[in-house]
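Report on the structure given below.
The values are calculated or read from the model by the stated rules, or taken from the named source; none is laboratory data. Please read all numbers here as calculations on a predicted model, not as lab measurements. Quick reminder, even Gly has a Cβ in these numbers, built from the backbone with ideal geometry, and neighbours come from all protein chains shown. Surface accessibility is based on the protein's heavy atoms, side chains included, excluding ligands, DNA and RNA. Shrake-Rupley method; radii C 1.70, N 1.55, O 1.52, S 1.80 Å.
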Amino acid sequence: MEIFDLTIHELHEKLKAKEVSSVEATRAMLDRIEAVDSQVNAYITVTPEQALVQAEDADRRIAAGEIAPLTGIPVGLKDIFVTKGIRTTCGSRILENFVPPYDGTAVARLKEQGAVIVGKLNQDEFAMGSSNESSYFGPCKNPWDLSCTPGGSSGGSAAAIAARTATATLGTDTGGSIRQPASHCGCVGLKPTYGRVSRYGVIAYASSLDQVGPLTRDVTDSALLLGAVAGYDPRDSTSVNTPVPDYLASLAKGVKGMKIGLPKQYFIEGLDPDVKRAMDEAIALYQSLGADIREVSLPNTEYAVATYYIIATAEASANLARYDGVRFGHRAEDARGLAQMYSKSRAEGFGPEVKRRIMLGTYALSSGYYDAYYVKAQKVRTLIQQDFLNAFKEVDVLLTPIAPTPAFKIAEKLEDPLQMYLSDIFTIPVNLAGTCGISVPAGFSAAGLPIGLQLVGKPFGEQEILTAAYSFERETKWHLKKAPL
Amino acid sequence: MKYQVVIGLEVHTQLTTNTKIFCGCSTRFGAEPNSQTCPVCLGLPGALPVLNRQVVEYAIRAGLATNCSITKRNVFARKNYFYPDLPKGYQISQFDLPICQHGHLDIEVEGEKKRIGITRIHMEEDAGKLVHADIPGVDDSCVDLNRACTPLLEIVSEPDMRSPDEAIAYLKKLHQIVMYLGICDGNLEEGSFRCDANVSLMPVGSTVFGTRAELKNINSFKFIKQAIEYEIERQAEILDDGGKVVQETRLFDPNTGTTRSMRGKEEAHDYRYFPDPDLVPVIISDDWIEKVRGGLPELPETKRARFMSELGLSEYDAEVLVASRELAQYFEDTVALFPQAKTVSNWVMGEVTRALNDDNNRSIAQCPVTPALLADLLKLMEKGTISGKIAKTVFDEMYKTGKTPEKIVEEKGLVQVSDTGAIEAMVDEVLEKNAGQVAEYRGGKETLFGFFVGQVMRASKGKANPAVVNELLLKKLQG
Amino acid sequence: MKITREQVEHVARLARLELSEAELDTFTGQMDSILSYVEKLNALDTEGIVPTSHAVPMENAFRADEATGSIGVEAALANAPLRAESFFRVPKVIE
């Protein structure tokens, strides 16, 4: 077992026992990045100098007996997190040289605990994508099969866990961007309830859907890292002021008597046979553990993708208007006049997927179409949310696949955006309903690619899904398998 | 004139909060460019707005003072357009659910009262400033974001005004109210109170409005009149020639007193309003509204009526004294110490106002002669310690030095002489020196009486009690 | 056709994106297919349904009117593509 293979809680024990120092752990992680990241491309920016300074600081804290669960742990951040003094690109050319003057809230909370930030992770440009292929800094590869995508948009955050180039990472999830890459890379990825983690200092894609969450090697780490970043933040008006429970305390409660719902619309024809088999095995396992399995209905599921692509792109079209080349970011060199400065800077700075979504969102909000598209989508969103609330009257947790197939090949879906969008069918509804979901490793395809299982909880029901996920992980041990890298 | 002008006004008032509407930066005017900025008002990636509660409070005040109904559930919307002074590429404003609706103000023009409807009042953030800085070698435009994200109330009237004078009366009234409410400093030059005017013409007798032009950049009461008058002329000419007025935005140029089209710059705008997902609804409870209502100051209209009914002031005096909250306060504070409203009113409108005007239009709040000092002075006059004439001299000295009237009277020996013996001596001397005039007077030229009074007062250096002087002169001249 | 090339051009102008002829063609086709897919929402009767902007109900998030400080001119301008003294600098704007 190498230092870079360890989970947060394992490394924490070693740091606490002074078997290893944070500087050693950080060096090991930086060496590992140096050794394998050229194959994976999980990192956009590696920050060895700052990391080692933070590690030394962590070691001082540990020596002084002030160790917190994350003190001295090398973590990576999706490059969507604004970091003071560290370039933050959001995977885009338009922010290629942007060095923020401030830290976002989640980052500040990690730093307060003494976590060591080793670098900024690859992602789809502005989190728009499901394969990490829209990154200006090149696609990230799936450590289980380098010809496959790691999923997206938090592809780098998931790949770094699988490649063991970070002990844990943070990602963001707008339509599945934590859970889907976690599933494709065989790690644990949790999207909390909307409002649970502050969005302050997280570059916005779709403000009413974006949410920060952990990607980790196991469920315990997920609970730990969520606990560290969750909680009310007065700087985010949409952050919810309810206490953060001790997610670790309830992990081992077991699933006996837990009511687990299977939404019938999610178990459809066209599900990849390997995925189907993994789901069947998971259901059987939960049954054997004493869970009460029932079928439930989420009748408006088929409308989720359409709803999502209107709401998310509309919000994005406004969120991305600030990239105008005035105060920061790329400005076209040869622009003549103000109008050209805008349209050329933005044309050069944004990639095709971002442009496509800005166009779609602008159209959906434009005069004469607003009611037909945007208002309609918001109403359907109400129906989708009601579906979930109704289901949760009958069950505690929902069990579904994360994606219809395991990781797909690089470039496989690039030509057909709609097909790419449709692959998010099982994750998008959770964002629209604003509730929480977790992806847990649930086996492998015949080709050796990881398959994830999704557990969806009630709003602020993170404890239940973590408990259910932990029970599953303890029985299956899928999470212990390592990518061949 | 065969056309009737129809005017509606949109006023932007900058609120006097300490900090901006969505971030904790200061709103102070005149700081170094871009020194009052942060990730939020710079529109940096990842930054989020959080609403300043005071802005809501101020908006409710404005709504209650203008007879509006207050909207219970408020939503902020994004108004999307690109401009270098607009950091986020959208302005956070309110669209279909403004905080105040359906209000009115009563104005009076040449003795005629009229009610002007207020369509809506909404909260929004201001943009920054685009300036052409005087920097050698820089011909570009420059952006200063200190003003970006400062709180504004946009107050939109109904198209109820029918003359430039009505527009000015409405604006002055609104200006007075926001100043009374303490929500706006009312400074027109610094842009704290800005006005856009929608102006159209229709044939006299018609009820169908013509096509309107929106006039922008009007920053004084004088200019609003100029701008509207010019616009009436311009539109009338077009209509006379059988042409059609184009609906457009026109910029007022204070140098020429004309307006010009901004069409070139305004390409097809489609603001794509939608609810801002970074902000949550503002729910205003009845309790909150009542609390704000309870804290409202007495408004000028009520105050004026009270000054007339309780203090017996004339309508004119009352109107002048309520012009600003500070002036009315000064008056009332003085009356509290010297309860002769008429005298106080004469002094405040006379000496006090004159002294302030001569002193670079200093504000009443900074008047060196405080209400307490003024009351002391008036008491000295009432007791007969000094004459009214001397009182004015003493006032000037008080204004210059800030000393108490007693001290000035004492230092300068200005105590009024009422001692009959001393005055009689002066009277005798004057009559003796002016024997010729005395003869004329006695011969019937009674208009000379004033001349004798003046001579005696001069001899006493103004200190003689005028009543005593009059009495003695009359007696001696007749005797 | 859900969207024409002319509409796509108009939207690109609104969004301040300079698109090449080839991009306009591609986007017209792709947006058309996505909007056709979105058509399926019309199958749902949403009469009387209240639109949802946030899934979790929230209201009245305020801050007190207290200064929290600015970041300073240099930090504000540090990422500016072009500046002049303490200003951000942009191509001349003619009003």
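Here are a few things to note about the model shown:
- Helices (runs of 4 or more DSSP H) within region A:279-366 that include 1 or more residues more than 13 Å from chain B (Cβ to nearest Cβ), farther than 22 Å from C:H54 by Cβ and touching a residue at least 40 places away in the same chain (Cβ under 8 Å): A:337-349, A:352-365
Quick grid of which residues meet (1) open to solvent by 60 Å² or more (accessible area, probe 1.4 Å); (2) touching a Leu at 6+ places or on another chain (Cβ under 7 Å); (3) within 22 Å of B:V320 (Cα to Cα); (4) assigned by TED's automatic domain parsing to the domain that holds B:Y316:
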| position | (1), (2), (3), (4) |
| --- | --- |
| B:S345 | no, yes, yes, yes |
| B:E351 | no, no, yes, yes |
| B:A355 | no, no, yes, yes |
| B:C367 | no, yes, yes, yes |
| B:D376 | no, no, no, yes |
| B:E382 | yes, no, no, yes |
| B:M426 | no, no, no, no |
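- Answer from B:E166, B:E190 - the residue that is in a helix (DSSP H, G or I), in the same structural domain as B:D85 (by TED's automatic domain parsing) and of a type in the set (D, E, K, R): B:E166
- Per-region count, region A:12-64, residues part of a strand (DSSP E or B) and either among the aromatic types (F, W, Y) or within 14 Å of A:T167 (Cβ to Cβ) (or both): 1
- Region B:2-46: number of residues that are more than 11 Å from chain C (Cβ to nearest Cβ) and hydrophobic (A, V, I, L, M, F, W, C): 6
- Number of positions in region C:44-95 that are surrounded by fewer than 18 Cβ atoms within 10 Å (Cβ to Cβ), in a helix (DSSP H, G or I) and facing chain A (nearest Cβ under 8 Å): 0
- For region B:197-219, filtered to residues that are small (G, A, S) and in contact with a helix residue (DSSP H, G or I) (Cβ under 9 Å, 6 or more places away or on another chain), the residue that is surrounded by the most Cβ atoms within 10 Å (Cβ to Cβ) is B:A197.
- Residues located in region B:320-339, provided they are over 19 Å from B:L377 (Cβ atoms), in contact with a Phe, Trp or Tyr (Cβ under 9 Å, 6 or more places away or on another chain) and assigned to a helix (DSSP H, G or I): B:R325, B:A328
- Some residue of region B:47-58 being more than 9 Å from chain C (Cβ to nearest Cβ), open to solvent by less than 10 Å² (accessible area, probe 1.4 Å) and within 30 Å of the chain's Cα centre (by Cα): no
- Residue in region C:4-18 that is surrounded by the fewest Cβ atoms within 10 Å (Cβ to Cβ), counting only those that are part of a loop (DSSP other than H, G, I, E, B) and at the interface with chain A (Cβ under 7 Å from one of its Cβ atoms): C:E18
- Yes/no for B:L42 being more than 23 Å from A:S208 (Cα to Cα) and either in contact (Cβ under 8 Å) with a residue 12 or more places away in the chain or crowded, with 23+ Cβ neighbours inside 10 Å (or both): no
- Residues in region B:212-237 that are among the hydrophobic types (A, V, I, L, M, F, W, C), closer than 12 Å to B:S200 by Cα and part of a helix (DSSP H, G or I): B:I228, B:I232, B:A236.
- Test: A:G457 is within 14 Å of another protein chain (Cβ to nearest Cβ), of a type in the set (G, A, S), farther than 22 Å from A:Y309 by Cβ and touching a strand residue (DSSP E or B) at 6+ places or on another chain (Cβ under 6 Å): yes
- Being more than 30 Å from B:N187 (Cβ to Cβ) and either open to solvent by 20 Å² or more (accessible area, probe 1.4 Å) or over 28 Å from the mean Cα position of the chain (by Cα) (or both) is a property that holds for B:K392.
- Selected residue (only one of A:A469, A:A391 is touching a helix residue (DSSP H, G or I) at 6+ places or on another chain (Cβ under 9 Å) and at pLDDT 95 or above): A:A469
- A single member of B:L105, B:L153, B:L145, B:L171 is aliphatic (A, V, I, L, M) and within 14 Å of another protein chain (Cβ to nearest Cβ), and it is B:L145.
- Any chance A:E415 is acidic (D, E), within 12 Å of chain C (Cβ to nearest Cβ) and open to solvent by 20 Å² or more (accessible area, probe 1.4 Å): yes
- Only one of the numbered conditions (1) within 14 Å of chain C (Cβ to nearest Cβ); (2) touching a residue at least 12 places away in the same chain (Cβ under 8 Å); (3) open to solvent by 10 Å² or more (accessible area, probe 1.4 Å) is not met by A:A228, and that is (1).
- Flag if B:L130 is buried (at least 23 other Cβ atoms within 10 Å of the Cβ) and in the same structural domain as B:N217 (by TED's automatic domain parsing): no
Residue-by-condition table, conditions (1) under 17 Å from B:I155 (Cα atoms); (2) open to solvent by 10 Å² or more (accessible area, probe 1.4 Å); (3) in a helix (DSSP H, G or I):
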| position | (1), (2), (3) |
| --- | --- |
| B:F22 | no, no, no |
| B:F29 | no, yes, no |
| B:S35 | no, yes, no |
| B:I60 | yes, no, yes |
| B:N67 | yes, yes, no |
| B:R78 | no, no, no |
| B:F82 | no, yes, no |
| B:Q91 | yes, yes, no |
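- Hey, A:A108 open to solvent by 10 Å² or more (accessible area, probe 1.4 Å), within 14 Å of chain B (Cβ to nearest Cβ) and either free of Cβ contacts under 8 Å to residues at least 24 places away in the same chain or hydrophobic (A, V, I, L, M, F, W, C) (or both) or not: yes
- When region A:188-202 is filtered for residues that are in a loop (DSSP other than H, G, I, E, B) and within 14 Å of chain B (Cβ to nearest Cβ), the ones remaining, listed by number, are A:Y194, A:G195, A:S198, A:R199, A:Y200, A:G201.
- Pairs meeting the criteria (first residue in region A:92-105 and more than 8 Å from chain C (Cβ to nearest Cβ), second residue β-branched (V, I, T) and part of a helix (DSSP H, G or I), beta carbons under 9 Å, at least 6 apart or on different chains) are A:S92/A:V354; A:I94/A:V354; A:T105/A:V229.
- Selection from region C:20-43 of residues that are more than 7 Å from every other protein chain (Cβ to nearest Cβ) and either open to solvent by less than 60 Å² (accessible area, probe 1.4 Å) or touching a Gly at 6+ places or on another chain (Cβ under 9 Å) (or both): C:S20, C:E23, C:L24, C:T28, C:G29, C:D32, C:L35, C:S36
- All conditions in (1) buried (at least 24 other Cβ atoms within 10 Å of the Cβ); (2) outside any strand (DSSP E or B); (3) within 14 Å of another protein chain (Cβ to nearest Cβ) hold for A:N241, with the sole exception of (1).
- Odd one out for B:K403 among (1) at pLDDT 85 or above; (2) assigned to a helix (DSSP H, G or I): (2)
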